[in-house]
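Following: one structure in structure tokens, then a few remarks.
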Amino acid sequence: MVGLVSFPDFQPSVKSSTGESRSGLALKDRTILIVANDQSKVRSLTDILRPEGYLVTAVDSGAAALNYSRQNEPDLILLDVDLPNTPVFELCRFLSKRRQGRATVAVIFIASKSDPELVVEGLAAGGVDYFFRPYREQEVVARVRVHLLNRLRLAQLSREDSAKTRLLCMAAHDLRNPLVSIRAFTHLLRTGTVGSVTPEQIDFLDTIYDASQSGLDLVNELLDVSTIETGELKFTLIPGSLAALVASAIKLNNATAAQKGSTIVLEPVPLIPELALDGPKVRQVLNNLLDNAIKFSPPDSTITVVIELTPNHCTVAVRDKGPGIPKNEYARLFKDFSRTSVKPTGGESSTGLGLSICFKIMQAHAGSIQAKNLPDGGEFRIAFPLPL
């Protein structure tokens, strides 16, 4: 059973000038949805909760609960495990699912008797607590208060996190223009467009150009992460050819691979249907995976790209000749600013954001991205669902 906790921010024991606790002021008029067709359970819980200032609403079926949750956002849901003709734990998974920009809604199960196996299954489905009959009024009130306070705290943290992300986005945006200018003017100088330069000066200018390009790459990736996390980056999924995107990305990245004496090879492509894709975003994923394959493969390598069909997915695998990923570092791969101990073979830079962005883009396509080690290198595989 979930233990009782409190947060200093809310100071439940401190009284206001009217004698009401601060937690009471924060929780007044919070909405609680009871999902039960047993009217005795509904009446008992309603009689306990309404005097606390909560707005209590009841529905008698899973369908009604789903309909209510689509139109409203309760602060807490009390779900009867004995609801007839309803897969209650599947219903819990849906009701407690986090919506875009909203804190998770806590689900407390109500049951007629204590059953350890029932408790385990309910908590695994996303429930946070259980009430068992006969209800003890003080316990019900205390547990409801705790979970409502948890929700308030999570909502507060979410708002703070969004504010930090927006600030990061603004800072990155303001840095982008001067970096673009530095790179452009450096290019003019090192190509002799505005006058001759010595070999020693060209070395310095090359260093400035590479540094400004690395800074620009970081800023662009920060902007991508920020806009994805704030929900401001919109994905437009339209039918398109994944094979054409792959071929285009290989052509572009082969120019970079040639600088290390490497080559990117596409194996014969099966006939695949058009998929719902955001072309520019998928191209970004492909460019990132191919760029990483070039970075981490030794010079004069062959990087292989394979497009395959499974019963439900179309996959693209990028296979490199790098050292692979230590198994204890797999968990880092798709996290922001996270790098593994493996280093690029040509001293190339890495921001630690590329794979994180790829992961978010694939999520938006209802797809996946995975990595695994091969006997002679490594593989990144992305998968897109096939149309029904």
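The values are calculated or read from the model by the stated rules, or taken from the named source; none is laboratory data. Bear in mind the structure is a predicted one, so any value in this text is a computation, not a measurement. Note that each Cβ is placed from the backbone with ideal geometry, even for glycine, and that neighbours are counted across all protein chains shown.
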Item checked: When residues of segment 253-268 are limited to those that are surrounded by 15 or more Cβ atoms within 10 Å (Cβ to Cβ) and hydrophobic (A, V, I, L, M, F, W, C), the one nearest to residue 383 (Cα to Cα) -> 266
Checklist line | Qualifying residues in segment 342-360 (those that are modelled with pLDDT of 80 or more and out of contact with any Leu (no Cβ under 9 Å at 6 or more places or on another chain)) - the one nearest to residue 277 (Cα to Cα) | finding: 357
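Of all helices (runs of 4 or more DSSP H) completely enclosed by segment 48-163, which ones contain at least 2 residues that are in the same structural domain as residue 31 (by TED's automatic domain parsing) and aromatic (Phe, Trp, Tyr)?
On the way: elements: 62-71, 88-95, 116-124.
Qualifying helices (runs of 4 or more DSSP H): 88-95.
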Check: In this structure, is residue 307 in a strand (DSSP E or B), within 18 Å of residue 358 (Cβ to Cβ), in the same structural domain as residue 344 (by TED's automatic domain parsing) and touching a residue at least 60 places away in the same chain (Cβ under 8 Å)?
Finding: yes
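Within segment 353-362, is even one residue buried (at least 17 other Cβ atoms within 10 Å of the Cβ), among the β-branched types (Val, Ile, Thr) and over 30 Å from residue 261 (Cα atoms)?
Narrowing segment 353-362 to residues buried (at least 17 other Cβ atoms within 10 Å of the Cβ): 353-362.
Still in the list and also among the β-branched types (Val, Ile, Thr): 357, 361.
Those left that are additionally over 30 Å from residue 261 (Cα atoms): 361.
The answer is yes, given that some residue of segment 353-362 is buried (at least 17 other Cβ atoms within 10 Å of the Cβ), among the β-branched types (Val, Ile, Thr) and over 30 Å from residue 261 (Cα atoms).
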Notebook entry, point to check: Looking at 105, 88, which one is surrounded by 14 or more Cβ atoms within 10 Å (Cβ to Cβ) and under 14 Å from residue 33 (Cα atoms)?
Noted result: 105
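With the structure loaded, tell me whether residue 275 is modelled with pLDDT of 90 or more, in the same structural domain as residue 242 (by TED's automatic domain parsing), in contact with a Pro (Cβ under 8 Å, 6 or more places away or on another chain) and surrounded by fewer than 15 Cβ atoms within 10 Å (Cβ to Cβ) or whether it fails that test. Break it down stepwise before answering.
Numbers: modelled with pLDDT of 90 or more: yes; in the same structural domain as residue 242 (by TED's automatic domain parsing): yes; in contact with a Pro (Cβ under 8 Å, 6 or more places away or on another chain): yes; surrounded by fewer than 15 Cβ atoms within 10 Å (Cβ to Cβ): no.
Spelling it out, it is not the case that residue 275 is modelled with pLDDT of 90 or more, in the same structural domain as residue 242 (by TED's automatic domain parsing), in contact with a Pro (Cβ under 8 Å, 6 or more places away or on another chain) and surrounded by fewer than 15 Cβ atoms within 10 Å (Cβ to Cβ).
One line per residue, one yes/no per condition, for (1) modelled with pLDDT of 90 or more; (2) under 36 Å from the mean Cα position of the chain (by Cα):
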position: 25; (1), (2): no, yes
position: 28; (1), (2): no, yes
position: 44; (1), (2): yes, no
position: 51; (1), (2): yes, no
position: 61; (1), (2): yes, yes
position: 94; (1), (2): no, yes
Check: So which residues in segment 252-275 are within 31 Å of the chain's Cα centre (by Cα) and hydroxyl-bearing (Ser, Thr, Tyr), if there are any at all?
Finding: 256
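Determine, yes or no, whether residue 304 is surrounded by 15 or more Cβ atoms within 10 Å (Cβ to Cβ), over 25 Å from the mean Cα position of the chain (by Cα), at pLDDT 85 or above and among the β-branched types (Val, Ile, Thr).
Numbers: surrounded by 15 or more Cβ atoms within 10 Å (Cβ to Cβ): yes; over 25 Å from the mean Cα position of the chain (by Cα): yes; at pLDDT 85 or above: yes; among the β-branched types (Val, Ile, Thr): yes.
Taking the combined requirement at face value, the residue satisfies it.
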Next item on the list: Enumerate the pairs (first residue in segment 259-280 and in contact (Cβ under 8 Å) with a residue 24 or more places away in the chain and of a type in the set (Ser, Thr, Tyr); second residue anywhere and surrounded by 17 or more Cβ atoms within 10 Å (Cβ to Cβ) and in a strand (DSSP E or B)) with beta-carbon separation below 8 Å, excluding pairs fewer than 6 apart on the same chain, so at least 6 apart or on different chains.
Entry: 262/303; 263/303
